[in-house]
Amino acid sequence: MEFSLRLAFYASYLHVFSNVCFMSNGKPAGMLYPRDSESRSLRHLDGMWGFMIDDSPSRNESFVNKWYSDRLSQFGDVIPMPVPSSYNDITNSKLVRDFVGWAWYDREFYLDNTWSNKRIVLRIDSAHYNAIVWVNGQEAMSHEGGHLPFEAEVTNMLHLDGSNYVTVAMNNTLTPTTLPPGAIEYKTNPEKYPAGYFVQNLQMDFFNYAGLHRHVTLYSTPVTYIEDIDITTDIQGNNGIVSYVIYSGGKADLINMKVEIIDKVGHVIATKTSYKGTVTIPDANLWWPYTMNVTSPGYMYTLKVSVTDDNGGVSDIYRQPFGIRTVSVTNKSLIINDRPFYCQGVNKHEDSDIRGKGLDYALIARDFNMLKWLGVNCFRTSHYPYAEEIMDQADQQGIVVIDESPGVGISNDDNFSNKSLEHHKAVMTEMYQRDKNRPSVIMWSVANEPATNKAKAGPYFKSVIDHVRSLDSSRPVTFVCNQDYNTDVAVQYVDIILVNKYYAWYSDVGHTELIQLQLENDLRHWHAKFNKPMILSEYGADTIAGFHQVPSFVFTEEYQREFLEQYHKAFDTLSSEFLVGEMPWNFADFMTVQGITRVVGNKKGLLTRQRQPKMSAHLIRDRYMRMIHGDTCKKY
């Protein structure tokens, strides 16, 4: 039994194709966000899907019985499951909430004849973590890893004159070579556990939500279509320099092309007729964080690409938003558009009641309202790439993003294997392909809190960071470190140092009087050794909303406020030297695995999980608003 169970868990990793596809020119294939246009149609398949879990002892019965060959209802009792959402918190079943293994979704849909004579693509924006997709019983695609989109052309699998169904099987098992990594542990003591009993051990401090977390979309393009668009920008005086490359897909090259740059009010301000070029925009409106330009933050242009056939008829049209901005670092500064930038930040999670990590527009709107209320100008996508709809708001509202991979908890020796390394680089390629044109993304973070005190972490992270730089030379590359300055072997390779520190919480708990001394000494050691700018990327204390005690005591709102105040004293000193940002952990409370150190989740949020402020939120708001108005952080 144990052998078959183990085999079933790992069979998916043998089955899944390579993550990254390549075009004929050797460039990684594009992943343009689905947008409708005069030549393109799209249809979200969101809503209620049929849902079943394969809880057979081997977790393999669904494949033996070929659940993908017909509607799921033919193989058992299905329940309705909303898409997008995590499935874990939807039902009242503990089995479903804590399930590890293959979960299955399906739904029926119809297409009318307006979809005929077109290329039709099925895209899934996120499925955790391994997924296999069938259309009308035919395997269409598979993908390894969550949080990032994958797609395949399914034109020849569809019926335009009848019903269609799509089936998705996904496995949330984490292994030593997944991102994030984890391990299956088999409990073999027959006096304590039944035969075949196992648990999923996590190496991350957040709940292992699973499901179809974002949109599932069908979209159409002409048979000759725009495959990808690369945009890079620069600034020369008052001019914006926009360089672009258009890539073609389908049966022919894109020969007759028109490229237009359109400003925010819809005026065409530049036109080109080549697939590759550079455009100078006089007196350009730059993309600024809203705290650096309150009159016109987050200014977005549009690159409109129109392709026509030899007869002048429109073949394909795509509109790509972009902003004009530059980013660079010195040994003491982080610079946006040639001006120093200070990260008034927070860390976040995609996490909320009931829906788990499921995409929710109301939640996105609430979060950005609260980010602005707090005075936040920067957040990290801890610890995975966030939904593109979240990233859109960051672009449009002028909030800076540190874009982080799912490389959280890379701590054991078997997490540094060649297989892990190749997967990690593939994930970074997918991240880059998805987010490369976003002005809000100023930095790539390849990992959070890896064991970079291990010798093998040095060459591992050098390889990952070099890979990211080979894709993108326009942004700094980093990872978030929690090791000591004198034992870390990988920070030497980053452009900017991000460190997590929890003085008076995980060490010297309760002794807030020690924070300023310990933190200033520690960060100065880092800068003296590596001579790079620094962001304190995490600091925080768990706080139960409504708990009060004077004098302060751990887990009370008074303690969290006092704790943060002591960190701020150190920040105010170091920001005039080399500190370029501060990011409390966390924006809001979030769910974790059950454990005696977590009271229904991680409670370090400035806000509750329902996005209501604790005392500490008012402290951060007062501090960040003073920064915006120039009352603190003299360097900025």
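The values are calculated or read from the model by the stated rules, or taken from the named source; none is laboratory data. What you see is a predicted model; the values in this text were computed from it and never measured. Using ideal geometry, Cβ is built from the backbone for each residue, glycine included, and neighbour counts are taken over all protein chains shown. Each accessible area value is taken on the protein alone, full model and side chains, heavy atoms only, with ligands, DNA and RNA left out. Shrake-Rupley method; radii C 1.70, N 1.55, O 1.52, S 1.80 Å.
Things worth noting here:
- In the set (1) closer than 18 Å to Gly298 by Cβ; (2) surrounded by fewer than 22 Cβ atoms within 10 Å (Cβ to Cβ), the condition left unmet by Ile324 is number (2).
- In the set Phe547, Phe553, only one residue is touching a residue at least 12 places away in the same chain (Cβ under 8 Å), of a type in the set (Phe, Trp, Tyr) and not in a helix (DSSP H, G or I); that residue is Phe553.
- Qualifying positions in segment 364-376 - of a type in the set (A, V, I, L, M) and either open to solvent by 10 Å² or more (accessible area, probe 1.4 Å) or out of contact with any helix residue (DSSP H, G or I) (no Cβ under 6 Å at 6 or more places or on another chain) (or both): Ile364, Ala365, Met370, Leu371, Val376
- For segment 53-62, the candidate set comprises residues that are in contact (Cβ under 8 Å) with a residue 24 or more places away in the chain, open to solvent by 10 Å² or more (accessible area, probe 1.4 Å) and over 27 Å from the mean Cα position of the chain (by Cα); within that set, the residue that is farthest from Ser116 (Cα to Cα) is Pro57.
- Note on segment 138-189: residues that are assigned to a strand (DSSP E or B) and of a type outside the set (Asp, Glu) total 20.
- Of all residues in segment 526-544, exactly one satisfies the criterion of being more than 28 Å from the chain's Cα centre (by Cα) and assigned to a loop (DSSP other than H, G, I, E, B), namely Asn531.
- Taking segment 21-58 as the range and being at pLDDT below 50 and either touching a strand residue (DSSP E or B) at 6+ places or on another chain (Cβ under 7 Å) or not in a loop (DSSP other than H, G, I, E, B) (or both) as the test, only Phe22 passes.
- Pair list, Cβ under 8 Å, 6 or more apart: segment 180-196 residue within 18 Å of Ser56 (Cα to Cα) and free of Cβ contacts under 8 Å to residues at least 24 places away in the same chain, other residue open to solvent by less than 70 Å² (accessible area, probe 1.4 Å) and of a type in the set (Phe, Trp, Tyr): Glu185/Phe198; Lys187/Phe198
- Residue in segment 340-353 that is outside any helix (DSSP H, G or I), surrounded by fewer than 24 Cβ atoms within 10 Å (Cβ to Cβ), at positive phi and in contact (Cβ under 8 Å) with a residue 60 or more places away in the chain present: no
- Scanning segment 493-523 for residues that are buried (at least 16 other Cβ atoms within 10 Å of the Cβ), assigned to a helix (DSSP H, G or I) and of a type outside the set (Phe, Trp, Tyr) yields Thr512, Ile515, Gln516, Gln518, Leu519, Glu520, Asp522, Leu523.
- Selection status of Val489, in a strand (DSSP E or B) and surrounded by 15 or more Cβ atoms within 10 Å (Cβ to Cβ): no
- Hits in segment 279-296 - residues which are more than 15 Å from Gly630 (Cβ to Cβ) and more than 23 Å from the chain's Cα centre (by Cα): Val279, Thr280, Ile281, Pro282, Asp283, Ala284, Asn285, Leu286, Thr295, Ser296
- Neighbours by Cβ (under 8 Å, 6+ apart or cross-chain): first from segment 259-283, open to solvent by 80 Å² or more (accessible area, probe 1.4 Å); second in a loop (DSSP other than H, G, I, E, B) and not polar (S, T, N, Q): Lys264/Tyr299; Lys264/Met300; Tyr275/Leu254
- Scanning segment 298-324 for residues that are part of a loop (DSSP other than H, G, I, E, B) and at pLDDT below 95 yields Asp309, Asp310, Asn311, Gly312, Gly313.
- Selection from segment 102-137 of residues that are open to solvent by 10 Å² or more (accessible area, probe 1.4 Å), in a strand (DSSP E or B) and more than 25 Å from Asn88 (Cα to Cα): Tyr110, Arg119
- Matching residues, segment 410-421, being open to solvent by 10 Å² or more (accessible area, probe 1.4 Å) and either under 20 Å from Pro149 (Cβ atoms) or touching a residue at least 60 places away in the same chain (Cβ under 8 Å) (or both): Ser411, Asn412, Asp414, Ser417, Lys419
Condition check ((1) under 19 Å from Asn448 (Cβ atoms); (2) crowded, with 17+ Cβ neighbours inside 10 Å; (3) of a type in the set (Val, Ile, Thr)) across all residues:
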residue	(1), (2), (3)
Ala362	no, no, no
Cys378	yes, yes, no
Pro385	yes, yes, no
Asp392	no, no, no
Val401	yes, yes, yes
Gly407	yes, yes, no
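- Scanning segment 603-625 for residues that are open to solvent by less than 70 Å² (accessible area, probe 1.4 Å) and either part of a loop (DSSP other than H, G, I, E, B) or modelled with pLDDT under 95 (or both) yields Lys603, Lys604, Gly605, Leu606, Thr608, Arg609, Arg611, Lys614.
- Residue ranges of strands (runs of 3 or more DSSP E) in segment 193-237 with at least 1 members crowded, with 21+ Cβ neighbours inside 10 Å: 216-221, 224-236
- Answer from Gly407, Gly356 - the residue that is in contact (Cβ under 8 Å) with a residue 40 or more places away in the chain, out of contact with any Ser or Thr (no Cβ under 6 Å at 6 or more places or on another chain) and more than 30 Å from Glu577 (Cα to Cα): Gly407
- When segment 430-458 is filtered for residues that are open to solvent by less than 10 Å² (accessible area, probe 1.4 Å) and touching a residue at least 60 places away in the same chain (Cβ under 8 Å), the ones remaining, listed by number, are Met431, Pro439, Ser440, Ile442, Met443, Ser445, Asn448.
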